[in-house]
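Taking it in order: structure first as structure tokens, then the write-up.
The values are calculated or read from the model by the stated rules, or taken from the named source; none is laboratory data. Quick caveat, the model's predicted, so the values are computed rather than measured. Because the Cβ atoms are built from the backbone with ideal geometry, glycine has one as well, and the counts that use them run over all protein chains shown. For accessibility, only protein heavy atoms count, side chains too; no ligands or nucleic acids. Shrake-Rupley method; radii C 1.70, N 1.55, O 1.52, S 1.80 Å.
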Amino acid sequence: MGRSRVRGFAVLAAGAALVLAGCEVSTIGAAGPAAADQAKADARTAQRDAVKAAVDDLAEQEAIAYRSQLRNDAGELVDLALSVTKNGTTYGAVGVGGQVVNLVEADGKPYLSAPPAYWKTQGVDDGQAEEYGKRWMFVEDSDLPLRASQVLTPREIRNALYDASLGLDQLADPVKTRLADGTEVYELALPKGKLQITAAKPHRVVSFDAGLVDGTGKAFGAGTVVSPGGLTGDALAQFKNGLGGAVDAFAQAFDYAAELVVLVDGNDLQCATSGSCTSNIKVRNSVTGADGRVSGVRILAKAEVSAPGLGSQTCTAEATAAPNSVVDVPCTVRFSVPNRTASYQVTSMPSATGEAIAAVDVGAIKQKIEAEFASLGG
């Protein structure tokens with residue numbers, strides 16, 4: 001009986017060994033999927049690290065150029081660039097509604113230059129739109145299609161793109177693609193657009209859809225791809241020089257936001273026997289809500305002069321008046337008078353319009369630009 005018990009023990013021991021062996025086999029079988037899951041997790045971590053490194057690099061730039069393209073009315077692609085310093089100073093162009101709109105933010109004030117077609121979309125009449133298209137306009141923040149100093153400084157673009165990247169599906173596998181030049185990039189499909197980051201170190205932001213950054217869609221247009229790049233050396237110097245050239249033209253800028261009323265206050269018509277008739281048009285202007293912003297008022301006077309038997313003629317004349325003042329603007333027409341004794345009843349119907357001239361100290365602005373760019377290394 002003793003042997004029988006020993007033999008029974010041996011059988012139980014063998015059974016236990018089989019059970020243990022079964023457990024060991026099961027453990028080895030589970031190692032394959034676990035390794036694959038870890039590889040995917042590592043890939044997602046690598047992508048997150050690349051995104052953070054790339055946007056952090058933008059934050060460290062002294063200035064950034066944002067490059068985009070606009071398809072104009074002729075169907076041609078136009079290259080545009082808008083440059084912004086870390087302090088918010090801005091110079092360059094964006095595409096708005098098929099029009100190239102030039103922007104400047106200097107010394108904390110915004111200016112805009114655009115073709116007549118753009119101003120017409122803002123409700124400006126044809127005559128004024130043509131005049132506005134010839135010069136820079138001093139505008140309010142709300143008149144800008146884009147306030148770059150608030151959304152596109154190096155620090156702000158870093159925060160905007162990083163926040164946008166958090167909308168990525170955290171369980172999705174990273175997607176890589178190659179650009180035309182062979183550069184491999186991560187392509188993040190986010191709720192409001194795509195973000196491309198170089199896959200290799202040093203990681204850089206290659207491009208982003210404008211929809212990813214709040215406040216840029218109106219300027220760049222929905223679906224526009226924007227490529228940011230840091231500016232140093234000669235590129236930074238070109239930024240400064242272009243900005244300085246624009247500021248020089250501010251001496252002729254109008255104040256788009258000024259509340260200006262222009263009225264004809266009188267009209268003294270004088271005619272000579274030669275057929276010359278001069279309308280001395282008295283024009284009054286009133287400027288409100290723009291203390292210190294308006295240096296003068298450009299007055300454009302017009303008179304429609306007519307006489308039975310002689311026909312009608314129109315003249316225009318221009319003058320510059322101080323804000324809240326009255327100015328006489330002479331406007332002359334000449335009739336062809338028959339060589340005989342006769343008298344004619346001449347009438348003159350005057351009208352006037354005006355534009356507020358922005359008070360801009362060009363020299364002071366350029367000095368501040370020089371000081372800023374010197375600190376930036378440009």
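Per-residue answers, yes or no, for (1) within 28 Å of Tyr256 (Cα to Cα); (2) charged (D, E, K, R); (3) open to solvent by 10 Å² or more (accessible area, probe 1.4 Å); (4) in contact (Cβ under 8 Å) with a residue 12 or more places away in the chain:
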{"position": "Ala54", "(1), (2), (3), (4)": "no, no, no, yes"}
{"position": "Gln61", "(1), (2), (3), (4)": "no, no, yes, yes"}
{"position": "Lys86", "(1), (2), (3), (4)": "yes, yes, yes, yes"}
{"position": "Val96", "(1), (2), (3), (4)": "yes, no, yes, yes"}
{"position": "Lys109", "(1), (2), (3), (4)": "yes, yes, yes, yes"}
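Just one of (1) of a type in the set (Asp, Glu); (2) more than 26 Å from Gly230 (Cβ to Cβ); (3) not in a loop (DSSP other than H, G, I, E, B) fails for Asp73. It is (3).
Within segment 219-248, the set of residues being out of contact with any helix residue (DSSP H, G or I) (no Cβ under 9 Å at 6 or more places or on another chain) and part of a helix (DSSP H, G or I) comprises Gly233, Asp234, Ala235, Gln238, Asn241, Gly242, Gly245, Ala246. Considering only residues in segment 139-183 that are open to solvent by 70 Å² or more (accessible area, probe 1.4 Å) and among the acidic types (Asp, Glu), the one that is farthest from the chain's Cα centre (by Cα) turns out to be Asp173.
Name the one entry in Ser351, Ser336 that is within 20 Å of Thr278 (Cβ to Cβ) and at pLDDT below 95. Lay out the reasoning, then the answer.
Values: Ser351 fails: at pLDDT below 95.
Answer to the check: Ser336.
Test Val294 against the criterion of being among the aliphatic types (A, V, I, L, M), within 30 Å of Pro110 (Cα to Cα) and touching a residue at least 40 places away in the same chain (Cβ under 8 Å), and give yes or no. Taking the combined requirement at face value, the residue satisfies it.
Of the residues examined, Gln345 is one that is more than 28 Å from Trp119 (Cα to Cα) and open to solvent by 40 Å² or more (accessible area, probe 1.4 Å). Of the strands (runs of 3 or more DSSP E) that lie entirely inside segment 278-373, those containing 1 or more residues that are within 30 Å of the chain's Cα centre (by Cα) span 294-307, 347-358. Considered as a group, the residues in segment 68-88 that are among the polar types (S, T, N, Q) and over 12 Å from the mean Cα position of the chain (by Cα) include one that is farthest from Asn159 (Cα to Cα), and that residue is Asn72.
From the list Val360, Val287, the lone residue that is crowded, with 18+ Cβ neighbours inside 10 Å, in contact with a strand residue (DSSP E or B) (Cβ under 8 Å, 6 or more places away or on another chain) and more than 22 Å from Gly108 (Cα to Cα) is Val287. Residues being closer than 27 Å to Ala129 by Cα and touching a residue at least 24 places away in the same chain (Cβ under 8 Å) are entirely absent from segment 370-378. Looking across segment 184-222 at every residue that is within 24 Å of Ala41 (Cβ to Cβ) and basic (Lys, Arg), the one that is surrounded by the most Cβ atoms within 10 Å (Cβ to Cβ) is identified as Lys194.
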